[in-house]
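Below is one structure; the comments refer to it alone.
The values are calculated or read from the model by the stated rules, or taken from the named source; none is laboratory data. Not measured: the values here are computed from a predicted model. Neighbour counts are summed over all protein chains in view; Cβ atoms, including those assigned to glycine, are modelled from backbone coordinates with ideal geometry.
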Amino acid sequence: MKSRLSSFLKLPAGAVALVFACAWPLLAGDAFQQNARLGRGVNLLGWDAVWQDRARGKVKDIHFKLIREAGFQHVRINLHPLRDGKPDANGQLREEFFKTMDWAVDQALSNGLLVILDYHDDLAISPDPAGKQKEFLESWAAIAEHSKGRPDTVLFEILNEPAAKFTHESWDAYWRAALAVIRKTNPSRTVIIGPDMWNNVGELDSLKLPAEDRNIIATVHYYNPFPFTHQGTPWTGQKDKLGVTWMGTAAELQAMEKDFAKVAVWARQNNRPIYIGEFGTYEKADMASRARWTAEVARQFEKQGWSWGCWQFADNFAVFDTGTQKWVEPIRDALIPRR
């Protein structure tokens, strides 16, 4: 170390300045501070018709105001660049995609909400990572270039729930390539990265983040116990498996605490902040159990100092009913208790 420092100090002043200029964006980012600012959040817009036709969208300008007034601090905007951006042969995304994205970001920022731009096209990419990589990287380059003037209250998330054909090794190479693309135009942007296998809490040990880039937040998702949170969901094989309750028994709490202990150990060992990007319960579960589970996990996250984004604002697993234009109060109150 001493010899390296001596060599560094012998560099011409201009060269030293250049080294610091190049390194400063990575040194300047404070991911822990950013994570604290994220606090409590909610996912939105992934499946909303707004991406096809703004007039048909369920989410309107007023909803960003309501989200902030309810006590949420950020929104995780679920982007489908391959589905909705429809990249051309040169990797350029259609103008309407960016117009809708900008509308959502502008609405969030004007209401005092932080924003996570979450690349949510995992269902398109995970079955064929190699075949989709060119489009993936080109679309990230386009999003990063388009967003480079945004304030630091806009964060990027590289890919939601990589799974299927990804392995630990291939996912590592994949996100590193995307991070390199992002850093070309957004050297000081806070970036969120999670492990493969659906961002599962049990897979964090496979996530090896670059020591030289400290402006990264690690993310995992939490839906345990799955037979409870996903009962009745037709896309998981749980459609007919109903009537599962969650009572907060000693055994249930112990299982939950065991999951979180693994995450806490990884976070301490790697000195990285944690963001729980998704958690929630499907509507087929009884409301008392749903509220009980939601309150418990949210308070556990906060006890650990982790930020979180519940799944999701509208559609299924919803905290807001766009039909009645009212909050699903038991879930909202479980997430953000009334004072």
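Things worth noting here:
- When each of 291, 267, 298, 285 is tested for being under 20 Å from residue 74 (Cα atoms) and not hydroxyl-bearing (Ser, Thr, Tyr), the lone residue that passes is 298.
- Qualifying position, being buried (at least 22 other Cβ atoms within 10 Å of the Cβ), over 25 Å from residue 162 (Cα atoms) and modelled with pLDDT of 95 or more, among 64, 97: 64
- With respect to the conditions (1) surrounded by fewer than 20 Cβ atoms within 10 Å (Cβ to Cβ); (2) in a strand (DSSP E or B), residue 145 falls short on a single one, namely (2).
- Among the residues of segment 16-49, the ones that are at pLDDT below 95 and in a helix (DSSP H, G or I) come to 14 in all.
- Residue count for segment 63-88 under the criterion of being in a helix (DSSP H, G or I) and in contact (Cβ under 8 Å) with a residue 12 or more places away in the chain: the result is 12.
- Residues that are closer than 17 Å to residue 219 by Cα and among the charged types (D, E, K, R) were ranked within segment 252-298; the one that is surrounded by the fewest Cβ atoms within 10 Å (Cβ to Cβ) is 268.
- Subset of segment 213-227 (residues that are among the hydrophobic types (A, V, I, L, M, F, W, C) and in contact with a Lys or Arg (Cβ under 9 Å, 6 or more places away or on another chain)): 216, 217, 218
- Counted residues, segment 310-333 - those being under 23 Å from residue 238 (Cβ atoms), touching a Phe, Trp or Tyr at 6+ places or on another chain (Cβ under 8 Å) and either assigned to a helix (DSSP H, G or I) or of a type outside the set (Phe, Trp, Tyr) (or both): 7
- Residues that are touching a Gly at 6+ places or on another chain (Cβ under 6 Å) and either aromatic (Phe, Trp, Tyr) or under 18 Å from residue 309 (Cα atoms) (or both), drawn from segment 248-289: 277, 282
- Condition check for residue 278: outside any loop (DSSP other than H, G, I, E, B), of a type in the set (Asp, Glu) and touching a His at 6+ places or on another chain (Cβ under 6 Å): yes
- Members of segment 148-165 found to be under 29 Å from residue 62 (Cα atoms), surrounded by 20 or more Cβ atoms within 10 Å (Cβ to Cβ) and not aliphatic (A, V, I, L, M), listed by number: 156, 157, 160
- The set of residues from segment 130-167 being of a type outside the set (Gly, Ala, Ser) and over 19 Å from the mean Cα position of the chain (by Cα) comprises 132, 133, 134, 135, 138, 145, 146, 165, 167.
Yes or no, residue by residue, for (1) modelled with pLDDT under 95; (2) more than 26 Å from residue 41 (Cα to Cα); (3) β-branched (Val, Ile, Thr):
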{"site": "71", "(1), (2), (3)": "no, no, no"}
{"site": "77", "(1), (2), (3)": "no, no, yes"}
{"site": "92", "(1), (2), (3)": "yes, yes, no"}
{"site": "102", "(1), (2), (3)": "no, no, no"}
{"site": "108", "(1), (2), (3)": "no, no, no"}
{"site": "140", "(1), (2), (3)": "no, no, no"}
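- In the set 253, 204, only one residue is farther than 30 Å from residue 148 by Cα and not in a loop (DSSP other than H, G, I, E, B); that residue is 253.
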